[in-house]
Amino acid sequence: MKKLLVFLVSLLLIMLRQGSAQDHIYSQFYNSPNYLNPALNGQFDGDLRMNLIYRSQWTSIPGPLTYTTFSVDYNVPRLNGGIGLMITNSSEGTAGLNKFNISGIYSYSVSFENAVLSFGLQAGMTRRRIDFSKILFGDQIDPVSGIIPGAVSDASLPDLNNKYFFDAGAGMNLVVGNFMIGGSAQHINKPNESFTGMKSTLPVRINGHASYRLALDRYDEDNGPVVIPSLICYNQANSRLFSAGFQYKYKAANVGLWYRSESGSRSDALVVSLIFDIFIKKDMYDKVRMGVSHDATLSKLQYGNTAGTTEGALSYETTFPNRSSGNSSYRNRNEGKRCYDFY
């Protein structure tokens, strides 16, 4: 087990050094587990889970930056894993650069000793679109009066404003005792996302994450208060983001504080999160989770210019009554921690 853990940590560090930032990230990474790592698909203590997260970035800057991800995953005990579906939609800038992705996910887990090792594969299609009618060119602007009403530009536009391409990703995750570490790679096929005949490769995005669960009540480690420090790393093209912080979790409440930096030295944001778990029917393990977070910009853009970034998340987990008996996905607590114990 120790050799396996050392190997995975070393592999994660190598991936972060060699990885190629075009993709958005979520501050509430724990409320978008399938987006963070496909190996977390199906890793929950029930039968069906649905997650919805929305991010509005730099709300006071012209040209909205909005991102939405919806995922649903389903435990399949006979396969010792899960299957899932994830849909992500984004809109960026005044020209409405839109990216829509739909992907299928398959995950597989292996349990041994006091550990769980899981793997995940993700594959789907992405549509990239831009609304050229919203773009303003130089010949539509008068140097004195400004924008010329009704002016039509003579600029040559691409024949197509839609680009479709296949996109794939993979990940792995290991839980050993109270420690969890995982990593994933997206766009591993390096798809061409260019609207024209020229090649524009989408760089591989590398995610790395590590968490530790520290129980504050040694007599009740499962239900007592816990502190969960985490480190999250993102690497894509020439951009690297590091997020370090912790969650304080007690019963149905979860409070988080995070500091994020870019390329390891430049401050990016300070993030505060608040999450509540609402149990509807405890005997059937139905749970609703609601979360909200806010990023206070610390970069040169300054908070007064951006008004920060706000996220809202909603998730639902349920257990089907006719599957509760004999379902291997319901484990005894003596078997050790699982992924969902860390968020």
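Data for the structure
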{"quantity": "Charge context of residue 188, other residues only, Cβ under 10 angstrom, K/R +1, D/E -1", "calculated": "+1"}
{"quantity": "For residue 28, net neighbour charge (Lys/Arg +1, Asp/Glu -1) across residues whose Cβ lies under 9 Å away", "calculated": "0"}
{"quantity": "Inter-part distance where the stretch 182-246 and the stretch 74-108 are each reduced to a Cα centre, Å", "calculated": "16"}
{"quantity": "By average C-beta atoms within 10 angstrom, highest first, the peptides 173-183, 121-131", "calculated": "173-183, 121-131"}
{"quantity": "Cα-based Rg and Dmax for the stretch 189-259, where Dmax is the largest Cα-Cα distance (Å)", "calculated": "19.2, 64"}
{"quantity": "Peptides ranked, highest mean first, by Cβ atoms within 10 Å: ranges 210-219, 26-35", "calculated": "26-35, 210-219"}
{"quantity": "Shape metrics for the stretch 30-113, restricted to C-alpha atoms - Rg then Dmax, Å", "calculated": "15.7, 54"}
{"quantity": "Local net charge near residue 253, Cβ-Cβ under 12 Å (Lys/Arg +1, Asp/Glu -1)", "calculated": "+2"}
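Quick note: the coordinates plus some simple rules give every number you see, no bench work behind them. Remember, predicted model here, so these are calculated numbers, not experimental data. With ideal geometry, Cβ positions are generated from the backbone for all residues, glycine too; neighbour counts draw on all protein chains shown.
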